[in-house]
Amino acid sequence: MPGEYHNHLPIKCWAEDERPREKLLAKGKSALTDSELLAIVLGSGTRHTSAVDLARDLLEHCKNNLIELGKLDHAQLIGIRGIGPAKALLVEAALELGRRRQFSEALQKAQVCSSQDAYQLVKSKLQDLGHEEFWVLFLSKSNKMLALENFSKGGLTGTVADARIIFRRALDCRCTGLILIHNHPSGARKPSNQDIELTRKMKQAAQHLDLSLLDHLIVADDKYFSFADEGVL
């Protein structure tokens, strides 16, 4: 079998069109598997393992799920056999560039017309976190983004949202509408009783200031829950 044969040879001894870097140059990045792309990021393997096999081991550790890979912190990465501090930093940097590209692409769409638009703006900041964070998207009358800001960071099961600070910022940036956003690291989209009560209180506070609470999103991995879409706002 080719895979078994490769396990005993360094990449430089492979057929040229099977080496990740050469394959990318010859066939384009879309022709490479996740493990081959990750092997290029890693740069090299270990004394007994090729970069591709090391990349495969890393992906298998994450159940071949790039979302799960993105959740690993530095300590967890270096706990994987063959991944030292330098390789861990390379992986972390590559994943962060991917997140920033997602955010940059979302910013090109200046208007927020749906829950999906709002989700695209925040998913790169929230979907890989192992703790809860609370963000607010401030919008103009024409639903153009004025600001997207983080207001708190919490633990695995909760974070605190201070309405006074949030609405002071809303008045400062002269927004007319706002969208609350927080994440559930557990991956569960369903809002808790605390989430529902917070949304109710924030909606009442917004009305007193002649502002509109347009939505509250709960980000859970690559999915989200929208209070507005579900008719519970």
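The values are calculated or read from the model by the stated rules, or taken from the named source; none is laboratory data. No experiment lies behind these values; they were computed from the predicted model shown. Backbone-built Cβ (ideal geometry, glycine too); neighbour counts: all protein chains shown.
Please pick out the residue among ILE218, ILE196, ILE166 that is assigned to a helix (DSSP H, G or I) and buried (at least 20 other Cβ atoms within 10 Å of the Cβ).
ILE166
Of all residues being assigned to a helix (DSSP H, G or I) and out of contact with any His (no Cβ under 8 Å at 6 or more places or on another chain) in region 199-215, which is nearest to ALA161 (Cα to Cα)? Just the residue, please.
The extreme case among them is LYS201.
Does region 127-151 hold any residues that are under 13 Å from ILE179 (Cβ atoms) and not in a strand (DSSP E or B), and which are they?
The answer is SER140, ASN143.
Just to be sure I understand, how many residues within region 180-220 are of a type in the set (A, V, I, L, M) and closer than 12 Å to PHE134 by Cβ?
Selection size over region 180-220: 7.
Hey, any hits in region 47-61 for a residue that's over 23 Å from ARG19 (Cα atoms), in contact with an Asp or Glu (Cβ under 8 Å, 6 or more places away or on another chain) and not polar (S, T, N, Q)?
Checking region 47-61: not a single residue is over 23 Å from ARG19 (Cα atoms), in contact with an Asp or Glu (Cβ under 8 Å, 6 or more places away or on another chain) and not polar (S, T, N, Q).
List the number of the failed condition for HIS6; all other conditions in (1) of a type outside the set (Asp, Glu); (2) more than 26 Å from ILE67 (Cβ to Cβ); (3) modelled with pLDDT of 85 or more; (4) in contact with a Phe, Trp or Tyr (Cβ under 9 Å, 6 or more places away or on another chain) hold.
(3)
In region 71-95, what residues are within 21 Å of the chain's Cα centre (by Cα), outside any loop (DSSP other than H, G, I, E, B) and not charged (D, E, K, R)?
Of everything in region 71-95, those that are within 21 Å of the chain's Cα centre (by Cα), outside any loop (DSSP other than H, G, I, E, B) and not charged (D, E, K, R) turn out to be HIS74, ALA75, GLN76, LEU77, ILE78, ALA88, LEU89, LEU90, VAL91, ALA93, ALA94, LEU95.
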